[in-house]
Every structure is written in structure tokens, then in C-alpha cells.
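Before any comments, here is the structure.
The values are calculated or read from the model by the stated rules, or taken from the named source; none is laboratory data. Only a predicted model underlies this, so the values are computations on that prediction, with no experimental measurement involved. Cβ placement follows ideal geometry from the backbone for every residue including glycine, while neighbour counts extend to all protein chains displayed. Just so you know, the surface numbers come from the protein's heavy atoms only, side chains and all, with ligands and any DNA or RNA stripped out. Shrake-Rupley method; radii C 1.70, N 1.55, O 1.52, S 1.80 Å.
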Amino acid sequence: MSEARGEGQDQSGNLSFVVGCVDEDHRGSEEGGRIKNEGEMRKGEEEDDDKDDDSPPERQIVVGICSMMKKSKSKPMTEIMERLCKFEYITVVIFPEEVILSQPVDKWPLCDCLVSFHSKGFPLDKAVEYAKLRNPLLINDLNMQYYIQDRREVYRILQEEGIDLPRYAVLTRDPDRPEECNLVEGEDHVEVNGELFPKPFVEKPVSAEDHNVYVYYPTSAGGGSQRLFRKIGSRSSVYSPESCVRKTGSYIYEEFMPTDGTDVKVYTVGPDYAHAEARKSPALDGKVERDSEGKEIRYPVMLSAMEKLVARKVCLAFKQTVCGFDLLRANGHSFVCDVNGFSFVKNSMKYYDDCAKVLGNMVMRELAPQFHIPWSIPLEAEDIPIVPTTSGTMMELRCVIAIIRHGDRTPKQKMKMEVRHPLFFALFEKYGGYKSGKLKLKKPKQLQEVLDIARLLLAELGQHTDCEIEEKKGKLEQLKTVLEMYGHFSGINRKVQLTYLPNGQPKASSEEEECPTEGPSLLLVLKWGGELTPAGRVQAEELGRAFRCMYPGGQGDYAGFPGCGLLRLHSTYRHDLKIYASDEGRVQMTAAAFAKGLLALEGELTPILVQMVKSANMNGMLDSDSESLTDCQQRVKVRLHEIMQKDQDFTEADYQKLAPTGSPSLVTSMKTIGNPVSTCDQVYALIQRLTSQIRRRLEDPKSADLQLYHSETLELMLQRWSKLERDFRNKSGRYDISKIPDIYDCVKYDTQHNATLDLEDTLELFRLSRALADIVIPQEYGINKAEKMDIAQAYCLPLMKKIQLDLQRTHEDEAVNKLHPLYSRGVMSPGRHVRTRLYFTSESHVHSLLSIFRYGGLLDEVKDQQWKQAMDYLSAVSELNYMTQIVIMLYEDNNKDPGSEERFHVELHFSPGVKGCEGEENVPLGFGFRPASAENQEKQTNQGSLEDLSQDETDRALSLSEPISIKRSPMIRNRKTGSMEVLSETLPTSSKGTSYRLFPSCSCQSPEIKQTGLELFSMPAVKRFSVSFARHPTNGFEGCSMVPSIYPLETLHNSLSLKQVDKFLNAVCEHSSDAHAKTMKALSALFDTSSQGYSQTHIHPPPPKALSSSETPVRSPECPLWYSSGPSSTVFSGRSSSPTSVNPDKNFSFSE
């Protein structure tokens, strides 16, 4: 192998390429270019200019390298030129830098083939002159290199060639071309020469030599910009709060492509060879990932057939044989965003071999005939793709789907007022409210307009009183106060909704009929609060970190680091991750913080949110339009209100009416309450006492200016509670039950975050409001099973369909980044691909999804003991708190027949989220995460490799009842030490009810932190860590708020077959036939915009007509899951890479 020898030497130790000049005599010499030294070569500098066509056949072909010394002496160039010299008739000559810079071109060495390229300081003009003088074969065209230095020219050429590139516009600041310098900057967009670019967008200097590219983020994601630059140490970009574009210089503005945080760099060697590598996008957190030798970590990936065609087009259009360019893979398409010209891959021996072979063959093919050199193109043996095989039986993790509620938030608040002023109607019309009769205003500019109207009306009121305006003075003041909070607008935490009422608002009660008014009005609903708190961010980030532990394996640099298996999978691009979030700011920020923890990212959440979290075009998949409640939900609310308005203790009949499912958590709460009206009386009295205490604090000069948690003031806290006091009990003395969740929300927030105020009776208010909320909240989603299913389907149908697709689409498709098996040294299973789909949403979706699993008929409790115990556990859980998770994991057993029901294995896990602040005595216990067999635990104690990392005891959940037998094969680690990615199976044994927790269980009051390990397939635990800690010094907490820990995941069932789950999801989705059409439409739109497309090279059954506009195939319900029109392995291949996918592009002989 060439790398064993000294630099530039052949087998006999002679120099195989030289620095200096070659004369005619030496070209024909028998030594064939293996010249003794540079000094001797100088003697022949005055050589004859004419080429001798009748030179003898042994004549050598001279390849000249004309570039700056830093480039010509670089490691990749040296490696490739060494290999090129192995061609019998090729000699390589490097032009010395001092000759290039100071000598005229007629004094430059002679060559037959020229490799010359521009870099900083290189005299491209002289190289062009030399090429005209000597007319050598050019590997890279020189004139085109002028164009490559100007991004405008690069984009023009790409466009002419029909290559996809992001939508862009050019801003040229040139006094001679004023028509190209039209820039209008808005808060969340720029308009360049009439072309609108909403944020996020990219701003690139027109000079390709200037690497200061800026990405600007929208205010809804936190604003600011990411500034990219040429790598300095371990940084390639930095976040800046600056949101305004640069005002000097010429730039290209282009739309930002959501690439999930990965860039692909492609390197061509001629039109038929392309090598691709993926790396972390510099815009993500700006930290360059480096290996132990300090080199940037990149992983070779496979190009799709379309991308190979793009590589061919780029190579030919720019006339650069050796050419690097950047690909962005977004929304199932690939876009070229930069062409760099001459560049080599670093640190890939296989690429060095291939590159020298391709270049050598190219030179010989062009020049051998004219020099009469006998040469025929060698036929290459086809590269056989390496398919990883597995020894022993193994279950391989293929898919993780998690539905997660957002983290801790400030209390949500809402104010309604009817408005009739012409200014409000004008605003309604301005933003197109009449089209749908509804309008949502979230942008800073829009909110500013509402604030201006409120200020104007209040100023008018100060001058003269008027009945129409007077009636709402208090509400106008509240509108003004809320909009003026924080001193700036951030679209994430406030919004105004306007609804057109043709006949005014119907009066709620007789007392309100003082000022009767006719004609249309607008209902203004102001919503604020509900922001993710710093504690919520920490919870999400920590949960992300803990989630890594569900993924197998991890060696080398990552060993001993929690969750290293996932990080390795992700960094080697074998992890197909998509994160979806609803359009609520708190949900999006939770998703971004979770991604930060999951992928060990650094810095601000804004760049992570913009690149990693998809929330546009969700078509209701994760959003619930609370304004449009279903008929069923309206009926349920009315019944709930009736039962809760009885001024007497709950009777047996009430228990039947309110808790027909007999849920223990409901029954316990009803017992705590006794008489609902008297409990509401107590709650009301406690709120009154609370507000009077806050008023007293406000009057006391010592505490009046006290800063509460998350920048709240006592004034704002008083407004919060006074509003609840006013709204909870109306003038007739009846209670508004719909305010109970808000009261519980507020008291939960204050007991956790504002405990330092030491307000009296807050714990009693917490206890009573919690008991009321434990009835009202879950029962709003249906009282009996039929209602629960009906309401759940209305919320969750699009999400259920999407989950079904996620489970079906676990076989490979070419659109994801696939690791190239031939280049992946040090990666044990290049074929392994894990799909992760994370859905962040609100309480309504989590309640609904759980209802579907509980009441949709997935399993029969009578026949399935494990499911019965899971259902008992779920009925004992009273609250689905922040960070509640429902997790579905799919495994594949490669040794089972692809058509067998045992091939795919599904597990269902659940955690009720964050721990409450009350004691833990009554907390229901599940069976831990992935219960393992006792027999395996005994075996485990003497397995060597990781004992030193797992000294402490694992946390075991207590069994609720007798041990159960679990019908699945528990796993033990394969004996091969260090290969934690290979998992093997033992014979089925019975479970003794012990378990291993994914997350530690520890109370927020606990002074010491109990640490726990996760046993994945009963493997010895990797170093443990805790999700719980009280104070986090780096997270900018105001005050010392406790951050409660999160309940561990509990396994609800661990032996479901994929066929069972698919049949269940089909039944649930078809049952809701009225909503079916709406869902298909929503899904179709969703996949058009945010799903990776399938490759054309796979065979699939035809999709049903309902999905015609989408690329995503859905099976017809009557076909089994593994049905396919092709061989069985095309849908669920036995190996991780599909052997039946055909490569339509036969030109790519060396590398895919």
C-alpha cells in the first residue's frame, strides 16, 4: 500500500514526482520522470518549444501541478500524485511557488497536462496566459475559475443548467446600476428588487472568497442572526442578537432551506465519479465536531440517482474535472447552494485511490494516442456493496416514535371584549379578516397596531365620556397593560384573535342589558402567558439527554458518556430524525430544547428551532383549534357543569354518571371533594384571601417592587388572581367550572416558582383545586368510553395516520442520508438505520392519544394480564403533567422470515411527565422500563466489560401484584466485548416483575439524588446520570426555583406484533370515517411539504387515490403490512440496506 513508503517514493525508493521543470530530453529518458533531484532539472531550462510528434513510444506524459505551495504540498495532493505516478507513462512535476509568482510564463516548466486552480494569492491571469502559450490538456478549465469567484455567476450558470437551487435575489450596490439596489427591510422579511424573503433567509456576499454568510431568524423563533465564517479553531459560526441586514456591500438573498442540521459536500472527479460526505451544518450551533486528531468529523454518504445527475451537470457546466460543491437536502429535494471549484476529500484512502485512477485513465485516454503509447482502458471489476451480516439472533431497533407534551410554562391567560370602534373594523379588513370571519394577530407590527388603537381610545376617554367606550374602559386598560409587558413584542408569547359577530354578542345574563346596541361587532380575545419557563427548558433538555439511553451501543470516543449510541448513530448519519411541533411558542421551544439535549448541541435555541423543528403546514396534526369544539365535547361540558353545580355530596348515581369507567384517580378526587359546590366555595374564599395578601404586599414599600419568577411583578400576579376571582363566580353566585383548570394552573405555578413569598393557605388551595381539576380536565375529553373515543379521534386522527405511516416506512428509502459502506471505517454496522419521529404537542393531544390506546380495543384486558396491569396503572395516574411522553418502539428480528408476524416487534411505553410538588406516597407504580427476566440478572453480574461504569444499584420498581409472565424473549448482551451494537437473544423465561428505569425516580425535595441506569435488553448500564437537580447555575434562573424531575418511562406492553398494531390503527382510523377525508387531505399536504420523498428505485404497491398529490405510499387496508408487488425484501428488507434497489445510473463505476 502506498502510504507505507516515504512521501513521493516508488517501490525502489526513487522520487516519483518532482518540483521543478522538465525538458524534452528528460521526457524521453528511460528513468521515466523519476529524476534524481530538482537541481539537475534546472540545467534543462532552455528547451525547445516545438513538440516532437515522432517521439519514441516510451515518451513520458508530464502532468504539471500549478498552484500555491500550500495546496500543491497538501496531504491529499501528495497522496493522489504519488498514486498517479504508478501509471507507467506518467510523470508529475510541481511548479515552484516562487517561479509561479516571479517568473514570466515562458520560463515556467513544460507539461502535457495541467492541473491548475485558483486560491488566495494565486495569479490566475498568468496561468491563463501559460495555457494559451503551451496548450496543455486542462484538468480544470481556467477561464471558468473567474466565474466561480463570483456567487452571482455561479447561480446564473446553475440556473441555466436547470439545477435546483434555493429561490434567490441579487442586491448589487453599484452607483451605475441603481435598478439592482432596491432593498426594503421589514421586521420579519426583506424585499429585494420586488422579491419578498420572509425570515429565516440567508445573506451571502457576492464574492465567493468572502465567507461571512449570515442567516437571519424570525422574531417568532427569537430573532437575531447566525454569522458564519471560515473555521477558526472549533468554531464556524456565532449567534448574534442583530436582526437587521448589512447596509454596505452587494449580497445574494436566498430562502433558508430546512436541512435538519446536516450539509452534504460532494466531490467530483470527472462527470462519472462523485464522493459525498455529510457534516454538521455550521449554522446549527457553530461548533465544529472534531475527532481525536483534531480533524472535522465527516461521514461518507450515498448519493441518490438524481444527486449523481446533479454532480455530473455541475462538473460539466463549470468545466472542472475535480470539483467540490455543497448540497442541501430539504423536503425530499436536493438543492445546490455553492460551487467551490477544485477541492479534494481529506483523509480517505479509498478516495485517493479512486481519484488517481480516474485522473490517470483520463490523461492516458486523451494523450496516449498522440504520443503513440500503447494503452487500453482497463475494465474495472464492479464494486460489490458490502451488506453487514449479523451473528446469532438479534433484535434491531428500527424506529422510535414519541409524543411529548411541552414543558413547564407560565399560566395561560385570556381576556374577551366586544369592540365596535371603526378602527378595529379597519384593522380586521386590513389583514383579510372578512375572508373567513376570523383573524389571528401575532406579529409584532400587528400587535403594535392593536396597542396604538387601545392607547388612542383611552386618550379619548380621558377627554370626554361616551357610553359606547365607557363600558369597556377597564378592559381597554388591561389590553394596553398586557401589550406593553416586557417593553418589546415577541410573537411567541401574546396574540390577539378577532371574530366577526354579525348581530353583536349574545348577552350572557339579564344584568348585562344596560346599553343595548344593534349591528355587527367584533369579539376581541387577547391571549398571553403560557410561555416556556427556564425550568421548562431545563426539563426538556434533560429529557432529551435521557432519551439517548434508549438507543443501543456506542464505542470509541463516546464510550462512558451517557447515550453515546445515539450520538454515534446521529453523527454517522444513520439516524433519520424528524421533530415536529405545533405552532404554539412553548411547544416549539420545548422541541428545540429537547433537540439540544438529545444531540448534545450548544448555544441558543433559536438556530436549533429554525433548523431542526418542523411546525409549518402541519394541517392540524398537532394543533387543536380550541375554538371549534366538537358537538360531543360541547355536550360533555354541559353535563359536567350540571353534575358539578349540585349543592350536595356526590351520590352513588353521580359516581356512575361522572366516573363510569371506575377510574381510581377519579373516584379518589370525588371522595376528596364530597360536595362540589361547597368545595368551590372554599376555593373561592381561598382565592379572595390570596388576593388580599398580595394587595397588602403591594402596599408595603419593602415588598412592592419585588421581582417574582420569570420577571413577573406583584402587580401582574395580582391581576392574574383578581381576574380568576372575578370570572370564577358570576353575579348570580354560580361557579364557572371551566375556570378550574386555570385556577389549578396558577396555584401550581406559584407553589413551585413563587414559594419564597410565603403566602398563607396556598397548599390548601393547591390540594382542593387539584382535586377539582383531576375531575374536570380528563372528563372534558369524554365521560364514558364512547365519548372519549369520539373526542380523541376528532383531535388525533391526522396524528394516528402519521404514526401508522412512520411504522410502515421503516425500511430504507434513498432520500435519507445513508452511510456509504465502502468508506465507513470504524463504523461497525454501516447499514443500521434508525428512524426517530418526535411529536411535541399540548395536553389535548396527549389525553386523546392515550384514550385511543386505552379504549380503542388494542388488546383484551381479560385475556392479556400485562395489558390489564398497564390499564390499572393508567387509571391510577391522575394528571398528565408537563413533559408527559407516549413512546412507541419498533424492533426487527432479521432472522425471522420477512412475512412472519414475529419479524417486527412493537413496545409501548408511557411516562406521566414532571413530578408534582406534593409528597410521593400515593404515586402509582408501573413495572419499570422494559422489564427483564431474573435469570438474566444473575448472568449479568459476571460480564466484564462495563462493570466499572455501573457500580451503583439500579433503581427497581415495586411489583403491584404477583409476577407476570411476559411472552417475549428477553435480551442479553452479545459476548463480543465492545460490540454493544450487536444484541443477542436467549430462550424465553418468566419475568419476576423487576424492572429498569429509563429515568431516575426522585422527588424534587429529595436532598440526595438517586441515580439509576437503563438496562437496554438487560445490558450492563452505561455510566448513569440523573434527570433531576434543584438548581442549574448556567440557565439564567431568576430566583432559586426548583426544577422537578420527570417520572421514568413505564412499559405498558412489550410484546405486540406490528401486524396487531397496524390492524388496530386501521380500525381506529376507519371507524372515524366522517373525519377520514379531512385527514387524508391534511396528510397529503403535510407530506408534500415536510416529508422526504421516496426514491424512484424502490418498488411499492400503488398508493390509494386519496393520496394522489403526495409521494408517500400508503397500503390499501386489505393488504397485509408486508405486502408488496415486488419481492418481500423490497418493503422490509432482511438486511438494513435494500438489496433489491436498482442503481439506474451505470456510469458511476467507482463510487456511489
Subject >> Odd one out for E254, checked against (1) open to solvent by less than 20 Å² (accessible area, probe 1.4 Å); (2) more than 30 Å from E180 (Cα to Cα) >> reply: (2)
**OP:** Inspect the stretch 703-719 for any residue being at pLDDT below 90 and more than 23 Å from L483 (Cα to Cα) and give the result as yes or no.
**Re:** yes
Original post:
Taking the stated definitions as given, is K199 touching a residue at least 12 places away in the same chain (Cβ under 8 Å), open to solvent by 20 Å² or more (accessible area, probe 1.4 Å) and closer than 15 Å to P166 by Cα?
Top reply: yes
Subject >> Subset of the stretch 618-653 that is assigned to a loop (DSSP other than H, G, I, E, B) and small (G, A, S) - its residue that is modelled with the lowest pLDDT >> reply: S626
**OP:** Collect the residues in the stretch 654-664 that are assigned to a helix (DSSP H, G or I) and surrounded by fewer than 19 Cβ atoms within 10 Å (Cβ to Cβ), keeping them in residue-number order.
**Re:** D654, Y655, Q656, K657, P664
Original post:
Going by the structure shown, is L850 over 25 Å from P741 (Cβ atoms), buried (at least 19 other Cβ atoms within 10 Å of the Cβ) and not basic (K, R)?
Top reply: no
Original post:
Would you say Q752 is assigned to a helix (DSSP H, G or I), under 18 Å from E477 (Cα atoms) and polar (S, T, N, Q)?
Top reply: no
Original post:
Name the pairs: first residue in the stretch 762-782 and closer than 17 Å to A792 by Cα, second residue of a type in the set (F, W, Y) and part of a loop (DSSP other than H, G, I, E, B), Cβ to Cβ under 8 Å, at least 6 apart or on different chains?
Top reply: none
**OP:** Would you please list the contacts, defined by Cβ atoms under 6 Å and residues six or more apart or on different chains, that run from a residue in the stretch 169-194 that is at pLDDT 90 or above and small (G, A, S) to a residue that is open to solvent by 50 Å² or more (accessible area, probe 1.4 Å) and assigned to a loop (DSSP other than H, G, I, E, B)?
**Re:** A169/N193
**OP:** State which residue pairs qualify: first residue in a helix (DSSP H, G or I) and buried (at least 19 other Cβ atoms within 10 Å of the Cβ) and inside the stretch 289-313, second residue among the acidic types (D, E) and at pLDDT below 75 in any location, beta carbons under 8 Å apart, and separation of 6 or more residues or different chains.
**Re:** K308/D1145; K308/E1152
**OP:** Return a yes/no flag: does the stretch 911-928 have any residue that is of a type outside the set (D, E), modelled with pLDDT under 90, under 22 Å from L397 (Cβ atoms) and within 29 Å of the chain's Cα centre (by Cα).
**Re:** yes
Subject >> Residue list for the stretch 165-185, restricted to those being open to solvent by less than 20 Å² (accessible area, probe 1.4 Å), in a loop (DSSP other than H, G, I, E, B) and either more than 12 Å from F256 (Cα to Cα) or in contact with a helix residue (DSSP H, G or I) (Cβ under 8 Å, 6 or more places away or on another chain) (or both) >> reply: T172
**OP:** Return the total of residues in the stretch 211-240 being surrounded by fewer than 15 Cβ atoms within 10 Å (Cβ to Cβ), assigned to a loop (DSSP other than H, G, I, E, B) and not polar (S, T, N, Q).
**Re:** 2
Original post:
For the stretch 82-114, which residues satisfy the criterion of being over 52 Å from the mean Cα position of the chain (by Cα), in contact (Cβ under 8 Å) with a residue 60 or more places away in the chain and over 24 Å from K357 (Cβ atoms)?
Top reply: K107, W108, P109, L110
Original post:
Looking at the stretch 862-917, which of its residues are of a type in the set (A, V, I, L, M, F, W, C), over 18 Å from M550 (Cβ atoms) and in contact (Cβ under 8 Å) with a residue 40 or more places away in the chain?
Top reply: W867, A870, L874, A876, V877, L880, V914, C917
**OP:** Identify, by number, the condition in (1) modelled with pLDDT of 90 or more; (2) hydrophobic (A, V, I, L, M, F, W, C); (3) open to solvent by 40 Å² or more (accessible area, probe 1.4 Å) that A792 doesn't meet.
**Re:** (3)
